[in-house]
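In what follows, a single structure is set out as structure tokens and then discussed.
The values are calculated or read from the model by the stated rules, or taken from the named source; none is laboratory data. All values reported here derive from a predicted model rather than from experimental measurement. Cβ: placed from backbone, ideal geometry, glycine included. Neighbour counts: every protein chain shown.
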Amino acid sequence: MAESKLARLRAEHRWFDHLIRAGSRYTEQYGAHYAAAVTYFSVLSLVPLLMIGFAIAGIVLTSQPGLLAELQAGIAEAVPGPLGDTINDVVKQAIDSKGTVGVFGLLAAVYSGMGWITNLRDALTAQWGHAKADLPLLKTTLKDLLALLGLGVALVVSFGITAAGGWFAHEVLEFVGLAGAWWAQVLLKASSILVGLVANWLVFLWVLAKLPRKPVSWRSAVKGAAAASVGFEVLKQAGSLYLSTVTTSPAGAAFGPVIGVLFFANLVAQFLLFITAWTATARENALRDPPRPPPPAIISPVVEVRSGPNPRTALGLVGTGLLLGALFRRRSR
């Protein structure tokens, strides 16, 4: 009864049938397993990125002693006591060893980034229904490195569009003298969200169309990128709400951000792979099933051994003998 009802719902609602097909593709292509691998390398990449950030901050703070003093004073005021002194010591050590930290951070970032982009490309390729092929190592590594750089450029462009759009809208409100109006602030917030959606759409369009190892057309990824853009914005708002709620307690302040990063990274990875499966199983993108090959031919030789002629042959021989006997008798007369 449940199966017939499900089949009826799928027949009546195309969007529901599409979701079912996307879920089946996600499950059959091990979406959760791929998401776990992407999450691991995502979190692993945070450490070298923080190292590079410390190195850059060290270079900036070294040339700005006044800014360094303000930072140390702010840390001592925000975290008084021995813990504040420890944090200031860590900052001083990071500044003193900024060159070493930057080099090791860059090498670690390249390693973890390559693992991240490799698993991400394999996961996206699987959700498009393409089998994993044996590819040459050097050529594949080079393509993965170029894909990583391309994604980095796409992210920079996305953040640049978001920042420029928000700044431009704020400047316009300042220029016309409406910066203090509540409705203008609401309009500014809505416009920043809209610009963020456009920026996210560009990034997801790149991810869905260019990161799979098999070519995918831009047109095939347009709808999926739009859905991913809206969903990712919702996830960001939920993540910020989660962190603001968890960090209110001492235990949450210590472990909440770490758990939040892990949970958010895995949620985004699963969401992206499901959107890819949803895009790939659309009717205009679904791969046509190849015709089934004919069953294999079975050759089985049959050897028949007979001790004498079959009935038809025997009857023919008897008839021939009678005819010859009659002819011979006529001639003998």
Open item on the list: Just to check your reading of the model, which residue among 189, 236, 223 is over 17 Å from residue 151 (Cα atoms), at pLDDT below 75 and in a helix (DSSP H, G or I)?
Closed with: 189
Task: Residue list for segment 210-232, filter: surrounded by fewer than 16 Cβ atoms within 10 Å (Cβ to Cβ) and not hydrophobic (A, V, I, L, M, F, W, C) - done: 214, 215, 217, 219
TODO: Quick one: count up the residues across segment 110-138 that are under 21 Å from residue 151 (Cα atoms) and either under 16 Å from the mean Cα position of the chain (by Cα) or among the β-branched types (Val, Ile, Thr) (or both).
DONE: 17
Task: Residue count, segment 115-152 (criterion: farther than 22 Å from residue 274 by Cβ, at pLDDT below 80, loosely packed, with under 11 Cβ neighbours inside 10 Å and not charged (D, E, K, R)) - done: 3
Task: Residue that is nearest to the chain's Cα centre (by Cα), among those in segment 254-289 that are at pLDDT 70 or above, surrounded by fewer than 18 Cβ atoms within 10 Å (Cβ to Cβ) and among the aromatic types (Phe, Trp, Tyr) - done: 271
